[in-house]
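The structure under discussion appears below in the form of structure tokens.
The values are calculated or read from the model by the stated rules, or taken from the named source; none is laboratory data. Fair warning: this is a prediction, and the values are worked out from it, not measured in the lab. Cβ coordinates were reconstructed from backbone atoms using ideal geometry, including for glycine residues, and neighbour counts include every protein chain displayed.
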Amino acid sequence: MSKGWQVSERFDAPVEAVWAALSDLPGASGWMPGVERLEMVDEDGEPIEAGELTEGARYRFYARGGSHIGRVKTVEPGERLVLRTDHGGVAATYEYRLHDLGEGTSRVELNAWCDAPGIWRLFEPVLHLLMRKSDADQLAALRRIVQGAG
């Protein structure tokens with residue numbers, strides 16, 4: 001893993017409510033900037049009905065005029081979700097960690113990074129800046145949805 005970026009957000013909602021919204025990937029277009037639609041797909045890329053989120057599940061998201069396939073790498077209900085997409089050999093990973101702060105409040109950390117092969121590794125700092133610019137507001141948007149203001 002190369003050094004990426006991190007943001008965190010406090011939620012006036014319990015971890016269970018945050019997890020329910022975070023793990024509902026088809027609903028992610030409401031909190032992932034630039035994502036117009038997201039659907040779960042099978043190994044052939046055909047749309048399937050979303051069920052319980054599992055490690056290895058695949059999804060397709062439509063953003064910025066194109067579509068991309070991603071994979072759910074880690075599912076630890078109420079604690080951690082890791083998503084990964086590959087774009088032309090560059091892998092982007094988004095790790096969401098949930099923390100129970102007690103009294104119906106929680107905090108979510110988003111750690112994001114990319115891994116590029118060969119000569120492209122030189123461009124990772126620029127890719128991280130671009131990722132942060134386009135995705136750093138994810139948690140604020142998720143908070144608005146969870147807390148009912150979105």
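Things worth noting here:
- Residue in region 120-138 that is among the aliphatic types (A, V, I, L, M), under 16 Å from residue 79 (Cβ atoms) and not in a helix (DSSP H, G or I) present: no
- Test: residue in region 55-68 that is exposed (fewer than 14 other Cβ atoms within 10 Å of the Cβ), modelled with pLDDT of 95 or more and out of contact with any helix residue (DSSP H, G or I) (no Cβ under 6 Å at 6 or more places or on another chain): yes
- Residue 36 vs. criteria over 20 Å from residue 86 (Cβ atoms), surrounded by fewer than 14 Cβ atoms within 10 Å (Cβ to Cβ) and touching a strand residue (DSSP E or B) at 6+ places or on another chain (Cβ under 8 Å): no
- Filtering region 103-119 to residues that are part of a strand (DSSP E or B) and closer than 19 Å to residue 22 by Cβ leaves 105, 106, 107, 108, 109, 110, 111, 112, 113.
- Any hit, region 82-94, residues being at negative phi, of a type in the set (D, E, K, R), modelled with pLDDT of 95 or more and surrounded by 15 or more Cβ atoms within 10 Å (Cβ to Cβ): yes
- Residues of region 88-110 that turn out to be more than 15 Å from the chain's Cα centre (by Cα) and of a type outside the set (Asp, Glu), as a count: 10
- Which numbered condition residue 113 fails, given (1) over 19 Å from the mean Cα position of the chain (by Cα); (2) within 20 Å of residue 34 (Cβ to Cβ): (1)
- Every residue from region 105-150 that is of a type in the set (Phe, Trp, Tyr) and either surrounded by 15 or more Cβ atoms within 10 Å (Cβ to Cβ) or within 22 Å of residue 80 (Cα to Cα) (or both): 113
Conditions tested, residue by residue: (1) without any contact (Cβ under 8 Å) to a residue 24 or more places away in the chain; (2) touching a strand residue (DSSP E or B) at 6+ places or on another chain (Cβ under 6 Å); (3) among the charged types (D, E, K, R).
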site: 3; (1), (2), (3): no, no, yes
site: 55; (1), (2), (3): yes, yes, yes
site: 60; (1), (2), (3): yes, yes, yes
site: 65; (1), (2), (3): yes, no, no
site: 91; (1), (2), (3): no, yes, no
site: 100; (1), (2), (3): no, yes, yes
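- Against the list (1) in contact with a Phe, Trp or Tyr (Cβ under 7 Å, 6 or more places away or on another chain); (2) within 18 Å of residue 24 (Cβ to Cβ); (3) hydroxyl-bearing (Ser, Thr, Tyr), the condition residue 96 fails is (1).
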